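First the structure, in the form of C-alpha cells, and then the observations on it.
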Amino acid sequence: METTDRVTTGCLDFARHDNVFQMTKREKNLWQGIDPGAQNALTPRDYRTASFAQELAQRGVDAGQLVVADKSEPEIKEAWIPGVEIFGRKIHPQRHRGCFGEFVRRDEGILAQIGLWPKQWSAARMFAFTAKGFHVHPPSVPEGSAAADWLRRLFVDEPENYSLRRYDDEQWDVMFFLQGRVEMILCDTRAGLPRRVMRFFIDGDNHRGNNNVGVVIPAGVAHAIRAEGGEDVIMVYGTSTIFHPKFEGRIASDVESAELPESWHKFLDQSGK
C-alpha cells in the first residue's frame, strides 16, 4: 500500500508518495504559470526535523551540540563513533590585538583521561572552497588476535580500559582549527564495528563561540574536511606517532586533485613529439 505524508516548505507544499512527489490540484493551480516540463522537474526542499542521530549522520550538526551531548543517552550512544572525542575550547578576545586560546594540556582534560599525548605536531592551510580526504590510518592489531575481536574488545567490551590502546603503533589524530569554518565527516571503517557516520561543523578561533572544539580521531576512522565559505582554513593537529607514509590510506580522495583541462593534456602530449 502506498504511504503518503506531507512535506511543507516555504516554497513548495507537495504530497510525498514513496519518494515520488506529486502535485495536488491546489498545487497544480499554483504552478499553472510554469510550463509542464518545468513543473515535472520541481522538487521540494525537505524542512522536516529529523532525530539527532539522523541529523548527525546525514545533514550534520554544530560541533557545539556534540560537546554537550550525553553519550550515555541511548540515541547518542548508538550514533556516536567509539573512540571519537569532541571537546570544547575557550577562545579569549584580546582587545585591539586579536584572540588567545589554548589547545590542550598534557596532564588535564580528555587527552589525560584517555592517555594520549601526540608525538608530532603539524600545521596545514586549506584554501577556500577546497577539501581533503577521505584519509584513514590502519589500526594496530596484536599478533595472534583477530582484528574484529580485538577492536570490539577495545571499543565495545572495555571502552574505558585506555591502557589497551596501541597509540605508539597506530596513528590517532587530534585536530584544532585556528581560522575559517569547516565541515568534518567521520566514517567508521573498523572491522567488527558498525559503520557509523558523524558529520559536523567546526569554527576556527577567529569565529569565537560554541563551535570552537578539538577533535580526537581514532585509527580506522576515515575522515574528510571541507572548507565552508570563502575563507582559508588554518589547522593544527597532533598525531600519536610520527609521520609514516605507510599509515596514510586514502579513500575517494580525488577531490584533492586539480586535473588539467583536456586541451592542456593534448597540447602537452604533442609537445614532446
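Bear in mind these aren't lab numbers, they're just calculated from the coordinates by the rules spelled out. Here the structure is a predicted model, which is why all the values come from computation and not from measurement. Here the Cβ is made from the backbone with ideal geometry for all residues, glycine too, and neighbour counts use every protein chain on show.
Between the stretch 148-190 and the stretch 110-140, what's the alpha-carbon centroid distance in Å?
Comparing the Cα centres of the stretch 148-190 and the stretch 110-140, I get a distance of 10 Å.
Quick check on the exposure proxy: order T43, T24 from fewest to most C-beta atoms within 10 angstrom.
Details: T43 9, T24 12.
Listed from fewest to most nearby Cβ atoms, that is T43, T24.
Could you tell me the calculated FRET efficiency between A123 and D62, based on Cβ-Cβ distance and R0 = 22 angstrom, to the nearest 0.05?
Numbers: r = 25 Å, r/R0 = 1.12.
That gives a FRET efficiency of 0.35.
Given the Cα-Cα distance of A191 and E108 and 0.36 nm per residue of separation, how much length would full extension add, in nm?
On the way: separation 83, 0.36 × 83 = 29.88 nm, distance 3.14 nm.
Using 0.36 nm per residue and subtracting the Cα-Cα distance, I get 26.7 nm.
Can you classify the stretch 40-160 as rounded, prolate or oblate using the Cα gyration tensor, where a ≥ b ≥ c are the square roots of its eigenvalues, rounded means a/c under 1.5, and otherwise it's prolate if a/b beats b/c and oblate if not? Can you show the working numbers first?
On the way: a/c = 1.61, a/b = 1.07, b/c = 1.50.
Verdict is oblate for the stretch 40-160.
Sort W264, W31 so that the residue with the fewest other Cβ atoms within 10 Å of its own Cβ comes first and the one with the most comes last.
On the way: W264 10, W31 15.
The fewest-first ordering by Cβ neighbours comes to W264, W31.
Give a residue-ordered list of calculated ³J(HN,Hα) values for the stretch 94-107 (Karplus: 6.51 cos²θ - 1.76 cosθ + 1.60, θ = phi - 60°; whole Hz; x for Gly, Pro).
Computed from phi, the couplings for the stretch 94-107 are 10, 3, 6, 10, x, 8, 9, x, 7, 7, 6, 10, 4, 9 Hz.
As a check on your grasp of the helix formula, calculate [θ] at 222 nm for the chain: sum -39500 (n - 2.57) over DSSP H runs of n ≥ 4, divide by the residue count, round to the nearest 500.
Values: 8 runs with 51 residues, N = 273.
The helix-only estimate for the chain comes to -4500 deg cm²/dmol at 222 nm.
Taking the 0 to 90 degree range and rounding to the nearest ten, how far is the long axis of helix 262-271 tilted relative to the main principal axis of the chain, both from C-alpha atoms?
Compared with the principal axis, the helix lies near 60 degrees.
Over the chain, what relative contact order in percent results from Cα pairs under 8 Å that are six or more residues apart?
Numbers: 503 pairs, mean separation 65.2, N = 273.
Once divided by the residue count of the chain, the mean separation gives 24 percent.
At a Cα cut-off below 18 Å, give the aspartates and glutamates reachable from K25, other chains included and same-chain residues fewer than 8 away excluded.
Once the sequence-local aspartates and glutamates are set aside, what remains near K25 is D5, D13, D35.
So what are the radius of gyration and Dmax for the Cα set of the chain, in Å?
23.2, 71
Starting from the 7 Å offset along Cα-to-Cβ, what nm value, one decimal, do you get for the label separation of S72 and V236?
3.4
To the nearest Å, what is the center-to-center distance of the stretch 49-66 and the stretch 232-273, using C-alpha atoms only?
Centre-to-centre (Cα) distance: 30 Å.
What residues from the stretch 169-200 fall in the zone where the backbone N is under 18 Å from a label point 7 Å along the Cα-to-C-beta line of S51?
194-199
Leaving out same-chain residues fewer than 8 places away, which lysines sit with a Cα under 30 Å from that of K90?
Within the straight-line limit of under 30 Å, K90 reaches these lysines: K71, K77, K119, K132.
7 Å from Cα along Cα→Cβ at both R95 and D157: what's the point-to-point distance in nm?
Once both label points are built, they end up 5.9 nm from each other.
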